[in-house]
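Report on the structure given below.
What follows is calculated from the coordinates using simple rules that are stated; it is not laboratory data. Because the structure is a prediction, the values reported are computed rather than measured. Please note: Cβ atoms are built from the backbone with ideal geometry, for glycine as well, and neighbour counts cover all protein chains shown.
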Amino acid sequence: MRKLLLLTTVTLVGLIFIARLFYLQVYGGYEYDVFEDSAIKEEYTYPKRGYVYDRNGKLLVANQPSYDVMVIPRDVEPLSDEELDEFCSLLKISREDYDKKLERAHNYSPRLPSPFVPQLSKTDYAVLQEKMWKYVGFYIQKRSLRSYQTTIGANVLGDIGEVNRTIIKKQPYYRLGDLIGKQGVEKTYEKTLRGVKGIKFIQKDRFNKDIGPFKEGKWDTLPVPGKDITITIDAKLQAYGELLMTNKRGGIVAIEPSSGEILAMVSGPSYNPNLLVGRDRSKNFNKLFKDSIAKPLFDRGLQAMYPPGSPFKTLNALIALQEGVVTTEERFSCAMGYRYGNRKMGCHVHRSPANMNIGIYESCNAYFANVYRRIIDKYDSPAEGMDNWSKHIKSFGLGNYLNNDLSVGQPGKVPSAGTYDRGYGKNRWYTTFTISNAIGQGEVLATPIQLANMAAAIGNRGYFYTPHIIKNIEGEPIPDQFTTPRYTTIDKQHFEPVIQGMFDVYNKGTADMLRVKGIDICGKTGTAENFAIIDSVKTQLTDHSIFVAFAPKDNPKIAIAVFVENGYFGSRFAGRMASLMIEYYIKGEITRKDMENFVLRYSLEHEYQKPFSNEPFGINRQTTLDAIDEKAFQNLLKLKAEIPKS
């Protein structure tokens, strides 16, 4: 009996121990995490970041070696005053900086490596490498920085910078000190360009010394290089557009209508992308960011929302034909404008009465005011008419982000009945309350890329491809969203009379002085009112100069929109610049040297200072034309001559 009791007790105790161990290991335990093991050190190997090429195979962005001084705070051994002074001298930092950086790294993690001094130059690295053995807890990590092989396209290419804690929290792939695309294609195609980091796990002994690979390196991984990408930008056209925008502010966007590929995306003023590379990145970025007047970091081609002005009239003509409220030959009188109630929408001197063709090439406000009223008043209520009109406008890509692959953008604004219900009250407004929409003023706002896309849709006779910046990723096909046509609400047959009107803008209309021999260009000039709040007072400034165009007339190769802030009427600056860009792209040379010289010789910088200097604006708020000096002009011509070689 005693033997049985003893056997039972031993067996029961054994079962209890087994059950307890099973519970602890299976249910109550946790999966081993090598990253949490304090006896294991991780060392990352950074992959080659993918290169960026333009549509013609020109290398725009490559890599250059960079060296980061890394620190593991708990491994750092005290330094003598002499050693500390030498170390700080080698790193080109002060003792105060040393203490701050070490404290910052310790706050991040005492045992994980973090950057102490990033992005050493080759020269600094060569000097420091020989003496690193003296500074326990510090080591040098090699990686790549961007090397921009061009001085253009900063807004297109973007830049890379260090991740912050917010990014790390959202994307655990990144660690403190890692680099990530911040703007442009560097941001949009970050995952494609960056590749995947490799990692080595190093075993440490009880004295915290490295003793070799953990588990004989079976958990180690090799880096996966980033993929090269080809973007749709034509580097020569981009460079020429930026040259034309010198001493001016505005945006230029050029699109290939047959594909939606963005050929040029100019924002002025711009900056050299190499400013945001290396140890001076932060200083240079702050300088650019704090320039709240010129706003060089503000991409005007994608983010600036302007009244579209007279180019918008082409859409109202198309809608009117689709809705059947006018014929192409029906005429409306213009007595220097259009009167409604006790108000008047002014217009310039031209032939009257005007049919659709004259209305477009002479840009008659009265003609389009009549047309717009018929569009809205066709329906039982202004609200119903307005929503129908809004639907047509949005089908051209206005009023939304276009679902493109660009890192920034604005949706613009296309009003609906709800817009006016909120402003005036439901059923308390009429068509005349919204009459400015007839000429692209009022509540309508658009970005340059939206107007370039609008021009492409007209040139295609009713459809467009989503504007995009990617051409291919190492031969991979681009997403279907960029190769699927999007159709407008306007039937194809209605486009020909509007296109003829745009063609006649160049032949006998508001842009007849901008003709380019050998190219059939269809365009539309525009002038948009410009207001600013100065000393709490809404003040009207010099008008914006606007132009949209496509060429050739049949099977167009390029569609373009140009906005020049404070440039006055459309053909003065924007029209010239659009014609020059079209000729440069199609012919590869410029024959209209007179237009080119005008654009390069005259600066608008003086105009941009007027709101801050209290200097009055000229008669009818016309632009002050200031010629740059001859030396500066010759330098611009020299830059232009160097474009094909760049």
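Figures for the structure shown
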{"item": "Given K169/K218; K169/K227; K142/K218; K92/K640, the pairs whose alpha carbons are separated by over 31 Å", "result": "K92/K640"}
{"item": "Global form of the stretch 519-646, assessed from the alpha-carbon gyration tensor, a/c cut-off 1.5", "result": "oblate"}
{"item": "Total charge dipole magnitude, the stretch 90-190, about the Cα centre, Cβ charges on Lys, Arg, Asp, Glu only, Debye to nearest 20", "result": "240 debye"}
{"item": "Those trypsin sites (Lys or Arg not before Pro) in the stretch 342-435 that DSSP places in a loop and that have at most 15 other beta carbons within 10 Å", "result": "R351, K378, K426, R428"}
{"item": "Size of charge dipole - the stretch 254-298 - debye, nearest 20, with Cβ of Lys, Arg +1 and Asp, Glu -1, no other charges", "result": "440 debye"}
{"item": "Inter-label distance, nm, simple model (7 Å from Cα along the C-beta direction), T489/N472", "result": "3.9 nm"}
{"item": "Relative contact order of the chain, pairs being alpha-carbon contacts under 8 Å that are 6 or more residues apart, as %", "result": "13 percent"}
{"item": "Sites K218 and T45, calculated FRET efficiency, Cβ-Cβ separation with R0 22 Å, nearest 0.05", "result": "0.85"}
{"item": "Pairwise label distance in nanometres, S94 with A532, each label 7 Å out on the Cα-Cβ vector", "result": "3.8 nm"}
{"item": "Surface/4 of the Cα convex hull for the chain, nm²", "result": "44.0 nm²"}
{"item": "The stretch 436-554 shape via C-alpha gyration tensor axes, a/c threshold 1.5", "result": "oblate"}
{"item": "Pairwise FRET efficiency - N272 versus D629, Cβ, R0 = 25 Å, nearest 0.05", "result": "0.65"}
{"item": "Total lysine pairs under 22 Å (Cα atoms) in the stretch 448-596, excluding pairs fewer than 8 apart on one chain", "result": "18"}
{"item": "FRET efficiency estimate (nearest 0.05) - Cβ-Cβ, I211 to E443, R0 51 angstrom", "result": "0.10"}
{"item": "Among T483, I533, L179 the positive-end extreme of the charge dipole of the chain (Cβ point charges)", "result": "T483"}
{"item": "Two-site label geometry, A62 and D594: point separation in nm, points 7 Å out along Cα→Cβ", "result": "4.4 nm"}
{"item": "Helical contribution to [θ] at 222 nm, DSSP H n ≥ 4, -39,500 (n - 2.57), averaged over the chain, rounded to 500", "result": "-10000 deg cm²/dmol"}
{"item": "Nearest-ten-degree value, helix 630-642 long axis tilted from longest Cα axis of the chain", "result": "70 degrees"}
{"item": "Ranked by how many other beta carbons lie within 10 Å on average, peptides 228-237, 479-488, 400-409, 531-540 from highest", "result": "228-237, 400-409, 479-488, 531-540"}
{"item": "DSSP beta bridge pairing in the chain, given as percent antiparallel to the nearest 5", "result": "95 percent"}
{"item": "Extension gain (nm, one decimal) between Y401 and K283, 0.36 nm per residue minus Cα-Cα", "result": "39.3 nm"}
